[in-house]
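Encoded as structure tokens, the structure appears first; notes follow it.
Each reported figure results from applying straightforward, stated rules to the coordinates on display, with no laboratory input. Values in this document were obtained by computation on a predicted structure and should not be read as measured data. With ideal geometry, Cβ positions are generated from the backbone for all residues, glycine too; neighbour counts draw on all protein chains shown.
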């Protein structure tokens, strides 16, 4: 870059002398000499400017340091074996540190699998196998039950909307198990298709479960 700055005056001088010679020999207007000098200065200036970012670190420029710092902070967690109870405990610890208004559903990906990159610090690694979670009830499931959380979210939303509209649960009054009445939800277009899994309505604010419950008595809110 320093060489580029130093050589510009030399080029200006050469162009000036050449212009004077041409003016004397061919009686060319001095305007062309001036234009030539300006072109040399312009090209030289652009050349020097283009070299500045590569050779001079501007004040306050911490981009490279920030990138290096971020790379240094990345931890490569090992693959590990975990139980569903260990995953549940890690989710609870993670959730306790979330800011107000942010819920554990941020752990759940589009296929209802859990994003273990976020839980790795609590587990000490990335599990070999996938685990799944319902976004509506927070129930956890293993690989062989991965269909359940998908259907659970679908049915829970349908049940909640039905209760909001009708002020009662979508189930038969005489059903002691409080099974979700899929026929009713399908007939009134709360569901597009019947789930494979049978769900039951619990006493916990109308939350559903796939686990067969004890006998119940009433369907009224």
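Computed from the C-beta positions of residue 75 and residue 209 and an R0 of 45 Å, the FRET efficiency is 0.75 to the nearest 0.05.
Exposure proxy for 180, 82: other Cβ atoms within 10 Å of each Cβ, ordered fewest to most, give 82, 180.
Label-to-label distance for residue 98 and residue 198 is 3.2 nm, based on points extended 7 Å past Cα in the beta-carbon direction.
DSSP bridge analysis restricted to the stretch 80-221 gives an antiparallel fraction near 90%, rounded to the nearest 5. Taking other C-beta atoms within 10 angstrom as a stand-in for reagent exposure, 160, 205 fall in the order 205, 160, fewest first.
The length gained on full extension between residue 165 and residue 186, counted as 0.36 nm times the residue separation minus their Cα-Cα distance, comes to 6.1 nm.
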